[in-house]
Amino acid sequence: MNYTHFPVLSVMGLFLGGFLVEIFGSKNKTVRNIIVMLFTTVSACLMLYLTIPVFGRGEVISYWMGNWEPVGGHAIGIGYEIDGLNMFFVILVVLTYWLSAVYSIKYMEKDRHLGHYYTLFLMLAGSVLGLVCTGDIFNLYVMVEIMTFAAVALTAFRNKKGSNLEAAFKYLVIGSVGSGFTLTGITLLYMQFHTLNMAQLASLVSGNMTPVSVLALSFMFIGFGVKSFIVPFHTPAADAYMSAPTSISMVFSGMVNKAGVYGMIRLLYMVFRVIDKSAIQIVVVVFGAVTMFIGVTMALAQHDFKRLLAFHSISQIGYVITAIGLCSLMGMTSGLFHAMNHTLFKGLLFLCAGAVLYATGTTDLDKLGGLSKKMPKTTICFLIGAFSISGLPPFNGFASKWMIYQAVYEKAVVTGNFFYTFVTVTAVVVSVMTLASFIKVTQAVFFGQAPKNLANTKEVPFSMRLPMWIMSALCLFGGVFYRLIGRYLLIPAGQAAFNITNYIDAMLGESTAVSASVTNVSMDLADGFSYWNPIVWLVIFITVLIAVCLVLIMGSGSRGKVLESGKDAAEDGKYSTFFSGEKSEYSHVAGSDLFWGFKHNWRKYFGIMQSVHSGNINDYSLMTVICSALIVIVFTVIFI
Amino acid sequence: MIFNYITSVILIVLGLYTVCAKRNLIKIVLGLGITDYGINLLIVSIGYNNGGTAPIYAADLFNIGGTAAFVDPIPQALTLTSIVIGACVDAMALSLVIMINKRYKSIDANEIRRLKG
């Protein structure tokens, strides 16, 4: 069987399905669901079949559109190429859109104009799949634009609510500025090297950083930074994830920002091959660390379920960016593992938020409560997702976060740079804050007392629970059988990211890379996938235990005092000593009440953050442009 | 030739300035458009050869940087794609502005900020 046609068939199939569903399915519900499920399932199966040659036999699949093969090592046509790294992202993408399609059937049934919805949905799926398959940099840009276009339209899909339109507009403006930077970078590359093929660019640019190349690199870094929502560019992400229908929020966090991460990896490791410069590593790791910290602290201050998850999504992408910036095989595998786990657990959490919205009609943390009795199955799924994202064993988030700590700390030991030690501590602290934030959500939504208007809440239907169960099972699977995943998925994918000569040779013919004197990116650390050491684990647990005891001992004296000074204590039962002596019958501790002491102590920081996230599109664009200028300056200083 | 590059940079910067400084949403969309035009001008300019003819056949198309007598056709194809994408984005942005105006009764960026913090 000639499987080299499969990538292009899958991508075109999804686009074709998008048009067919509009023509035949806009009136009839059954036809629409059949078309959507048929095209998503077939394309997912075709792509998953490619795991056999790519991971099983170590092949690199290359395909030239219209059979325009390279002439004399000069690429003419548009090429698709799938190596281990592409295949890894392809698996994430097909998993996400297939589960989201299943979930959409029931979740979206009350909306109107579902033909449009599925057209945009399939366009989004096809564009992200095309983005991670393509070997042509302009094709990559076109796919990025289709992706942004479909994502913006889907954000505004429920346009009865003004804030959804607002979120879409902000996403469109910031996204277009980012795409513009990407296109300018591509133009500057074409100007010098007269090719758009990524493999050929890699063979030409390698070790040839002219000032124009530096500008191109910084512009494309900004472009993919905007697409993966790293911190100065993260502002539209929170709005868009919150406003989009939940099945789409899951797609955003599952594959749209992973597409940005993929672009970043290809850019830094292959096209420009600059990641082995230590200054570039530090720049990328700084972006990752700042992203994870600001994301999680912003999440602590949120009152809306989906907006909170959106900020966590930004924070988790920070982990991935930190890990891929290390330029070690361990860093790469742990980053990819975390990207995969993030797709699973964040998708699961968004689906739970969607189930809550479907059942109760709100995602406001202060209006929810006590749903665990009404929706026990959703609660279990949510707890699995929350444990995974907080990094509790034996769930997958623990395995990948532990590997990231190890990778960053190993980097600190190898380079002797104190900065990486600091980043390790930041990563651990961010994980703790993630746990704190999810305790708040669990308490506010699922436990505690249910408000009276939620008395008739029912569990969501089976077709919505099915994707949730699949993702929960995969979360548990990833945490228990991480060695298996490491051996068959992460190590081949991670090595493929470093093995750029193989990529170039597969695309342009044997020994192209040698004649262009391209070498593979050298890995600082040889061992790819070391595992958590039980003794270190024990030490961490004892440390945490001591910390908890210290907090308890030190806190016991001041507990009464704080509560007396709280002026609300007398009026409202919920501020008096937890539940005893309450005056009112209904005394639910709402989401914003937990951790108010922490927030009070950090009020200056939160004040600054509130004023930065002002909601004004001019401020956001100004922030984007200023940070872009800074990135250009930093990269220029590094290379020249 | 250098004039083209300078103009394109001026257009891009002007567009970004409009996006950052103007509070009217329609002006922000126009700013995005101006940025696009600047980039399009840049792309067309890089394919231009002084005194070059139309690329009818591709005999010395790959004779780069020297005496190629043809204008490079690829940037023109790229520009067409870019123009189409830009037009779609502008159209969608404007339709969003219409809808925002219906819901908020305003197109002032300072008032379109229900999502913040």
Ignore the peptide's own chain and count Cβ atoms of other chains within 10 Å of each Cβ in A:177-188; give me the average, rounded. 6
Estimated vicinal HN-Hα couplings, Hz - region B:2-16 in sequence order (Karplus 6.51, -1.76, 1.60; Gly, Pro = x): 4, 4, 4, 5, 4, 4, 5, 5, 4, 5, 4, 5, 4, x, 5
Cβ neighbours within 10 Å, averaged per peptide: list B:94-106, A:146-158 in order, most packed at the top. A:146-158, B:94-106
Projecting each Cα onto the charge dipole of region B:2-104 (Lys/Arg +1, Asp/Glu -1 at the beta carbon, about the Cα centre), which of B:Leu25, B:Phe70, B:Phe3 comes out farthest on the positive side? B:Leu25
HN-Hα couplings for region A:109-118 via Karplus (6.51, -1.76, 1.60; θ = phi - 60°), in whole Hz with x for Gly/Pro, come out as 5, 7, 7, 9, 6, 6, x, 4, 4, 6
Quick one: Kirkwood hydrodynamic radius for region B:2-104, alpha-carbon pairs, angstrom, one decimal? 15.5
Which residues' amide hydrogens lie under 5 Å from the amide hydrogen of A:Asp304, considering only partners 5 or more residues apart or on another chain, with H built in the peptide plane? A:Leu365
For Cα pairs less than 8 Å apart in space and 6+ apart in sequence, what is the mean separation divided by the residue count of chain A, i.e. the relative contact order in percent? 15
Please report the Cα spread of region A:601-640 along all three principal axes, rounded to whole Å, starting with the longest. 43, 26, 6
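Arranged from highest to lowest average of other beta-carbon atoms within 10 Å per residue, in what order do the peptides B:10-22, A:192-204, A:303-315 appear? Walk me through the numbers on the way to the answer.
Values: B:10-22: 18.6, A:192-204: 22.8, A:303-315: 25.4.
Averaged packing, sorted descending, gives the order A:303-315, A:192-204, B:10-22.
Which FRET efficiency value, to the nearest 0.05, do you get for A:Lys452 and A:His303 by plugging their Cβ-Cβ distance into 1/(1 + (r/R0)^6) with R0 = 25 Å?
Working: r = 20 Å, r/R0 = 0.81.
With R0 = 25 Å, the Cβ-Cβ based efficiency is 0.80.
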For region B:104-117, take each phi angle, set θ = phi - 60°, evaluate the Karplus expression 6.51 cos²θ - 1.76 cosθ + 1.60, and give the result in whole Hz per residue in order, putting x for glycine and proline. 9, 6, 6, 10, 8, 4, 6, 9, 8, 8, 6, 9, 8, x
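Pop out the carbon and sulfur fraction of the accessible area of region B:2-104 as a percent, whole number, probe 1.4 Å. Intermediate results must be reported in sequence, preceding the final value.
Details: 3790 of 5390 Å².
Roughly 70 percent, rounded to a whole number.
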Under the rule a/c < 1.5 gives rounded, and otherwise a/b versus b/c splits prolate from oblate, where does region A:16-159 land using the Cα gyration tensor? prolate
Across A:Lys401/B:Lys116; A:Lys258/A:Lys346; A:Lys29/A:Lys227, pairs whose alpha-carbon gap is larger than 23 Å: A:Lys401/B:Lys116; A:Lys29/A:Lys227
Given H placed on each backbone N at 1.01 Å, which residues far from B:Phe70 in sequence or on other chains put an amide H within less than 5 Å of it? B:Thr53
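So, by mean Cβ neighbours within 10 angstrom, what's the order for A:32-41, A:479-488 with the highest one leading? Don't skip to the answer; put the middle values down first.
Numbers: A:32-41: 19.6, A:479-488: 16.5.
Answer by packing, highest mean first, reads A:32-41, A:479-488.
To the nearest 100 Å², how much accessible surface do chains A and B cover up together, summed over both, with a 1.4 Å probe?
Working: alone 24460 and 8280 Å², together 28820 Å².
Separately minus together, A and B give about 3900 Å² buried.
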On average, how many beta carbons from a partner chain sit within 10 Å of the beta carbon of a residue in B:16-22? 6
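Using a/c under 1.5 as the rounded threshold, could you call region A:399-490 rounded, prolate or oblate? The axes a ≥ b ≥ c are square roots of the C-alpha gyration tensor eigenvalues, and prolate needs a/b larger than b/c, oblate otherwise.
Details: a/c = 5.41, a/b = 1.71, b/c = 3.17.
Because a/c hits 1.5 or more and a/b fails to exceed b/c, region A:399-490 counts as oblate.
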Return one quarter of the surface area of the convex hull spanned by the alpha-carbon atoms of region A:315-427, equal to its mean projected area, in nm². 7.7
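Quote to one decimal, in nm, the extra length available between A:Asn28 and A:Lys377 on full extension: 0.36 nm per residue of separation minus the C-alpha distance between them.
Working: separation 349, 0.36 × 349 = 125.64 nm, distance 3.15 nm.
Here the answer is 122.5 nm.
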Checked the protein assembly as shown against the a/c 1.5 cut and the a/b vs b/c comparison, axes a ≥ b ≥ c from its Cα gyration tensor; verdict prolate
Kindly express, to the nearest 10 degrees and within the range 0 to 90, the angle between helix B:25-46's C-alpha long axis and the longest C-alpha principal axis of chain B. 10
Per residue of A:613-624, other chain Cβ atoms within 10 Å number on average 6
Nearest 10, in degrees from 0 to 90: the angle of helix A:418-441 to the longest Cα principal axis of chain A is 50
Pairing the Cα long axis of helix A:617-639 with the longest principal axis of chain A, what angle in degrees results, from 0 to 90 and rounded to the nearest 10? 50
Amide H to amide H under 5 Å from B:Asn24: which residues, 5+ apart in sequence or cross-chain, H placed 1.01 Å off N in plane? B:Ala109
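The values are calculated or read from the model by the stated rules, or taken from the named source; none is laboratory data. Nothing here was measured: the structure is a model prediction, and the numbers come from that model. Methodologically, a virtual Cβ is constructed for each residue, glycine included, from the backbone with ideal geometry; neighbour enumeration extends over all protein chains shown. Side chains are part of the model used for accessible areas, which takes the heavy atoms of the whole protein and leaves out ligands, DNA and RNA. Shrake-Rupley method; radii C 1.70, N 1.55, O 1.52, S 1.80 Å.
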